[in-house]
Amino acid sequence: MPKKSFIPNKLKPWVEARQKYRLSHTQIQMARELGLNPKKFGSLGNTKQQQWKLPLPEFIEEIYFKHFKKRAPENVRSIEQMVKDKARKKAESKARKEGAGSSD
């Protein structure tokens with residue numbers, strides 16, 4: 001059984017929002033770049049009573065295009081991939097520092 005990666009508390013609301021609102025990694029990255037709050041996604045999407053609103057995924061894509069003048073980010077990475085890359089960089093940095101310290 002593979003070990004689950006550790007997700008920092010700061011990023012957990014994004015993972016939960018991705019699952020709850022069925023958003024893609026691209027849409028989550030767009031929302032993060034726009035500075036949206038994942039806890040308020042419920043009020044941004046449409047409901048049966050608010051049919052004039054766009055569905056949440058389309059809303060995120062539309063405001064991303066208005067703000068950045070492009071349809072999607074060039075380099076899409078999932079939150080899990082970002083955490084994994086950060087942990088790898090931290091381990092490499094720690095190894096470099098230990099290597100530099102022992103050569104004195």
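Quick note: the coordinates plus some simple rules give every number you see, no bench work behind them. Note that the structure is predicted; figures quoted are calculated from it, not measured. Backbone-built Cβ (ideal geometry, glycine too); neighbour counts: all protein chains shown.
Just to be sure I understand: if I project the alpha-carbon convex hull of the chain onto a plane and average over all orientations, what area do I get in nm²?
Result: a mean projected hull area of 10.0 nm².
I'd like to know which of I79, L11, M30 lies farthest towards the positive end of the charge dipole of the chain, counting +1 on Cβ of Lys and Arg and -1 on Cβ of Asp and Glu.
L11
With r as the distance between the Cβ atoms of R88 and L54 and R0 = 35 Å, compute the FRET efficiency 1/(1 + (r/R0)^6) and round to 0.05.
Calculated value: 0.40.
Measure out, as a whole number of angstrom, how far apart the alpha-carbon centroids of region 1-47 and region 52-104 sit.
Using only Cα atoms to place each centre, the spacing works out to 13 Å.
If one takes the longest principal axis of the Cα atoms in the chain, at what angle in degrees, from 0 to 90 and to the nearest 10, does the Cα axis of helix 56-68 lie?
That helix lies at roughly 70 degrees to the long axis.
DSSP loop (so not H, G, I, E, B), at most 14 other Cβ within 10 Å: list which GluC sites (Glu not before Pro) in region 3-93 pass both filters.
E74
Can you tell me the FRET efficiency between L34 and K12 if r is taken as the Cβ-Cβ distance and R0 is 25 Å, rounded to the nearest 0.05?
Rounded to the nearest 0.05, the efficiency is 0.85.
Which value, in debye to the nearest 20, describes the size of the charge dipole of region 40-104 about its Cα centre when Lys and Arg Cβ atoms bear +1, Asp and Glu Cβ atoms bear -1, and nothing else is charged?
In debye, rounded to 20, region 40-104 gives about 100.
Output ³J(HN,Hα) for region 38-48: one whole-Hz value per residue in order, computed from phi by the Karplus curve 6.51 cos²θ - 1.76 cosθ + 1.60 with θ = phi - 60°, and x for Gly and Pro.
Each residue of region 38-48 in turn: x, 6, 9, 4, x, 8, 7, x, 8, 10, 5 Hz.
Could you work out how far helix 25-34 tilts from the main Cα principal axis of the chain, as a 0 to 90 degree angle to the nearest 10?
That helix lies at roughly 90 degrees to the long axis.
Top mean-square fluctuation among F68, F59, F41, Gaussian network model of the chain, C-alpha springs under 10 Å?
F68
Given K12/K97; K10/K48; K20/K53, which pairs have Cα atoms separated by over 28 Å?
K12/K97; K10/K48
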